[in-house]
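Only one structure is covered here, and it is reproduced in the block below.
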Amino acid sequence: MNIEHQPIDWKEIFHPKNIVLNLVGVAFITLALKGFMIPNKFLDGGIIGISILMHEITHLPFGILVLSLNLPFLFLGKRLLGKTFAIQSLITFLLIAAAMTFIHIDAVTTDRLLIALFGGCLIGIGMGLCIRSGSTADGVEILALLTTRKIGLNVSEVIFAMNTLLFLAAAWYFGIATALYSIVTYFSAIKSLDYIAHGLEQYTSLNIISSKSDDIKALIVKKFGKGITVIKGERGYLPDTFDMKTDCDIIVTVVTRLELLRIKDEIRKLDPKAFMFIQYIKEASGGILRNKQKHS
């Protein structure tokens, strides 16, 4: 069935966990915007940043602007991600608009560096929580997803290009210093969003080449309970001894950030000369990814 025609999952929308995540996320976004960013004319990226800029230029209510600018993206979201996502995002947009209209928060500080760091972190945490609830707080991500399918750029490149234009407009209207601090705010936000949306358990591919490969295989599987893949390869081909080579096992395992340092330390104890390299991966599923046993 086409995702656009899948039925709405009301249980998912009104699941208590998703409701709590959404409400807390909107609370963080409201605090960031009203307590830090809007009083000091700082921008974030995306539709929220465009709404702040238009609010300062036209003096229209921010809540109305952020809702009206985000609404068109719901149709894209429905087509790309389904009706359930569109309904959840609509609820998030309405909550943000209502909170920004009816909740009063005094400016927390006028220090530009504090605004850039804390304002960015707070709005990033809020948006990450909204994503964890199954929605989005900013329609530009939906637009970026559609654009990537049309022109072949990835989502990060599209969002970066859109926000570059936004920050250039901010530099022209608010001044170069505020625009530069807004860029710091934006990068604080996306880093916080990454941690909240993907968690500390973002997966990493650890690749090991060692003369003690059998011991390392046993360590990873038996002590840490992780799955491994073994790729048959050759090692050698050094500049001074190019013709000398030996067969070797390349051990590949997928671990979390929290597990990575512990496993690397244990491998170094077995073989201080082991060659390891790391590849960060966006998503992993299947196999043995989560170990529920206690490590000895």
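The values are calculated or read from the model by the stated rules, or taken from the named source; none is laboratory data. All values derive from a computational prediction rather than experimental measurement. Every residue, glycine among them, receives a Cβ derived from its backbone with ideal geometry; neighbour counts consider all protein chains shown. SASA here: full protein model, heavy atoms, side chains in, ligands and nucleic acids out. Shrake-Rupley method; radii C 1.70, N 1.55, O 1.52, S 1.80 Å.
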task: Report yes if some residue within the range 94-105 is touching a Gly at 6+ places or on another chain (Cβ under 7 Å) and in a loop (DSSP other than H, G, I, E, B); otherwise report no.
output: yes
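Would you mind finding the one in P72, P61 that is surrounded by fewer than 20 Cβ atoms within 10 Å (Cβ to Cβ), over 21 Å from the mean Cα position of the chain (by Cα) and at pLDDT below 90?
Numbers: P61 fails: at pLDDT below 90.
None of the others qualify; the one that does is P72.
Anything in the range 105-130 that is of a type in the set (V, I, T) and buried (at least 19 other Cβ atoms within 10 Å of the Cβ)? List them, or say none.
Residues of the range 105-130 that are of a type in the set (V, I, T), as a first pass: 105, 108-110, 115, 123, 125.
Across the range 105-130, the qualifying residues are I115, I123, I125.
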- prompt: Looking only at residues in the range 222-269 that are assigned to a helix (DSSP H, G or I), open to solvent by less than 50 Å² (accessible area, probe 1.4 Å) and within 12 Å of L206 (Cα to Cα), which one is modelled with the lowest pLDDT?
  reply: E259
- prompt: Which one of I208, I196 is touching a helix residue (DSSP H, G or I) at 6+ places or on another chain (Cβ under 7 Å), surrounded by 15 or more Cβ atoms within 10 Å (Cβ to Cβ) and modelled with pLDDT under 85?
  reply: I196
query: Mind checking which pairs have a first residue in the range 164-186 that is farther than 19 Å from T110 by Cα and a second that is surrounded by 12 or more Cβ atoms within 10 Å (Cβ to Cβ) and aromatic (F, W, Y), Cβ under 8 Å, 6 or more apart or different chains?
result: F167/Y186
message: Going by what's in this entry, would L53 be described as touching a residue at least 12 places away in the same chain (Cβ under 8 Å) and more than 16 Å from A179 (Cα to Cα)?
response: no
